[in-house]
Amino acid sequence: MRLLLIALLAIATLTGCSRFIEYDGPEVTRIDVFKGERLMLLYHNDEVLETYEIELGFAPEGHKQREGDGRTPEGEYFIDRRNPNSEWYLSIGISYPNEEDRARAEEAGVSPGGDIFIHGTPRPFRRTDDWTVGCIAVTNAEMRQIYAMVENGTMIVIYP
């Protein structure tokens with residue numbers, strides 16, 4: 001049984017099926033997301049390390065106002081958690097809502113929502129439509145790379 005398990009793990013690793021990879025490159029110091037261009041860039045200081053095409057919330061125009069609006073937030077946040085058992089393959093959490101978001105929602109009498117992540121996808125990645133509830137989606141292979149590269153505490157700036 002042990003040999004079978006080792007063989008299956010080896011096959012998964014060789015075929016790219018392993019969820020976790022290692023990264024020993026430069027530290028990711030910032031993530032920039034450009035909603036209008038559907039692009040996400042990972043930086044080490046001012047050097048772009050990686051660029052990804054993304055899919056967003058189903059109503060991506062404008063800043064997230066309330067729970068269920070389908071918008072992806074805009075502004076400065078940080079990566080605040082990791083989910084290796086995500087329903088969406090792997091995911092890293094974005095610190096939305098911040099104090100300003102909560103105050104705006106309270107003034108409007110609504111919940112700001114939460115649980116905004118960068119995550120993989122359970123469906124074919126089309127790069128042509130937006131479908132999440134406000135998250136940022138990439139391919140599962142890209143999510144493996146992002147999950148390995150990005151640490152909790154990394155700043156993320158989401159632009160319109």
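Would you please name the residue that is nearest to the chain's Cα centre (by Cα), looking only at residues in region 53-102 that are closer than 24 Å to ASP129 by Cα and polar (S, T, N, Q)? Let's see the steps before the verdict.
Taking region 53-102 as the starting set, the residues that turn out to be closer than 24 Å to ASP129 by Cα are 53-75, 86-94, 96.
Add one more test, that the residue is polar (S, T, N, Q), and what stays is 65, 72, 86, 91.
Working: GLN65: 19, THR72: 11, SER86: 11, SER91: 6 Å.
Among them, the one singled out is SER91.
So in region 113-160, with the set limited to residues that are over 17 Å from TYR96 (Cβ atoms) and of a type in the set (S, T, N, Q), which one is modelled with the lowest pLDDT?
Looking at the filtered set, the residue picked out is THR128.
Could you check region 15-47 and list, in sequence order, the residues that are modelled with pLDDT under 95 and among the aliphatic types (A, V, I, L, M)?
ILE21 - this is the single residue of region 15-47 that is modelled with pLDDT under 95 and among the aliphatic types (A, V, I, L, M).
Do you know which residues across region 78-106 are hydrophobic (A, V, I, L, M, F, W, C) and open to solvent by 70 Å² or more (accessible area, probe 1.4 Å)?
PHE78, TRP88
If you scan region 107-160, which residues turn out to be basic (Lys, Arg) and either in contact (Cβ under 8 Å) with a residue 12 or more places away in the chain or buried (at least 21 other Cβ atoms within 10 Å of the Cβ) (or both)?
Correct list: ARG126, ARG127, ARG144.
Which residue pairs have Cβ atoms under 8 Å apart, sit 6 or more places apart or on different chains, and have a first residue in region 32-50 that is over 16 Å from VAL138 (Cβ atoms) and a second that is among the hydroxyl-bearing types (Ser, Thr, Tyr)?
Once the first residue is over 16 Å from VAL138 (Cβ atoms) and sits in region 32-50, its partners that are among the hydroxyl-bearing types (Ser, Thr, Tyr) give GLY36/TYR159; TYR43/THR29; HIS44/THR29; ASN45/THR29.
Could you grab me the full set of residues in region 53-75 that are open to solvent by less than 30 Å² (accessible area, probe 1.4 Å), out of contact with any Leu (no Cβ under 7 Å at 6 or more places or on another chain) and either under 20 Å from VAL138 (Cβ atoms) or at pLDDT below 90 (or both)?
Result: GLU55, LEU56, GLY57, PRO60, LYS64, GLY70, PRO73.
Mind listing whichever residues of region 123-160 are more than 20 Å from LEU39 (Cα to Cα) and not small (Gly, Ala, Ser)?
Scanning region 123-160 gives a single hit, ASN152.
The values are calculated or read from the model by the stated rules, or taken from the named source; none is laboratory data. As the structure is a computational prediction, the values presented were derived from the model and not from experiment. Don't worry about glycine lacking a Cβ; one is built from the backbone with ideal geometry, like all the others, and counts go over all protein chains shown. Calculation scope for accessible area: heavy atoms of the full protein, side chains included, ligands and nucleic acids excluded. Shrake-Rupley method; radii C 1.70, N 1.55, O 1.52, S 1.80 Å.
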